[in-house]
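Here the structure comes first, spelled out in structure tokens, and everything after it is commentary.
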Amino acid sequence: MPREFGRNQLVAQFIKQELAILIQREFPLNQFGMITLTAVDLSPDLKNAAVYVTALNSRLSNDKLLAELNEQAGHFRHEISHLMTSKGV
């Protein structure tokens, strides 16, 4: 019987929590509106993640906001990797 909360789900939850903090710090509310992470899906080998976001009251169009988030993806990946190694996830 599969476990309800396997490693995959625990890592996805950790990424979602820490990435929400990073986005809140990097993307100020007055400029970008409220950005909410709705889900993080991880591949079975934990190498790839799909992050789903919702933006409310954004001054930018959704396409521009997503482009800005994708530009910062490398920075976020770097920060998350340091947090995962320091917290032992």
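The values are calculated or read from the model by the stated rules, or taken from the named source; none is laboratory data. Treat the numbers as computed from the prediction; the structure is a model and nothing was measured. Neighbour counts are summed over all protein chains in view; Cβ atoms, including those assigned to glycine, are modelled from backbone coordinates with ideal geometry. Accessible surface is based on the protein model in full, side chains and every heavy atom, while ligands, DNA and RNA are left aside. Shrake-Rupley method; radii C 1.70, N 1.55, O 1.52, S 1.80 Å.
With charges set only on the Cβ (+1 for Lys and Arg, -1 for Asp and Glu), what does the dipole of the chain come to about its Cα centre, in debye to the nearest 20? Intermediate values should be presented prior to the final figure.
Values: 9 positive and 9 negative charges, 35 e Å.
Dipole magnitude for the chain comes out near 160 debye.
What ranking of Lys16, Lys47, Lys64 comes out by heavy-atom accessible area, probe 1.4 Å, highest first?
Details: Lys16 75, Lys47 160, Lys64 130 Å².
Sorted by accessible area, descending: Lys47, Lys64, Lys16.
Once the mean 1/r over all distinct Cα pairs of the chain is inverted, what Kirkwood radius in angstroms do you read off?
14.0 Å
For the range 28-75, report the convex hull volume of the alpha-carbon atoms normalised per residue, in Å³, without decimals.
Working: hull volume 3.6 nm³, N = 48.
That works out to 75 Å³ per residue.
Scan the range 5-49 for chymotrypsin sites (Phe, Trp or Tyr not before Pro) in coil per DSSP, keeping those whose Cβ has at most 15 other Cβ atoms within 10 Å, and list them by number.
Working: sites: Phe5, Phe14, Phe32; in loops: Phe5.
Taking the range 5-49 and a limit of 15 other Cβ atoms within 10 Å, the loop chymotrypsin sites (Phe, Trp or Tyr not before Pro) found are Phe5.
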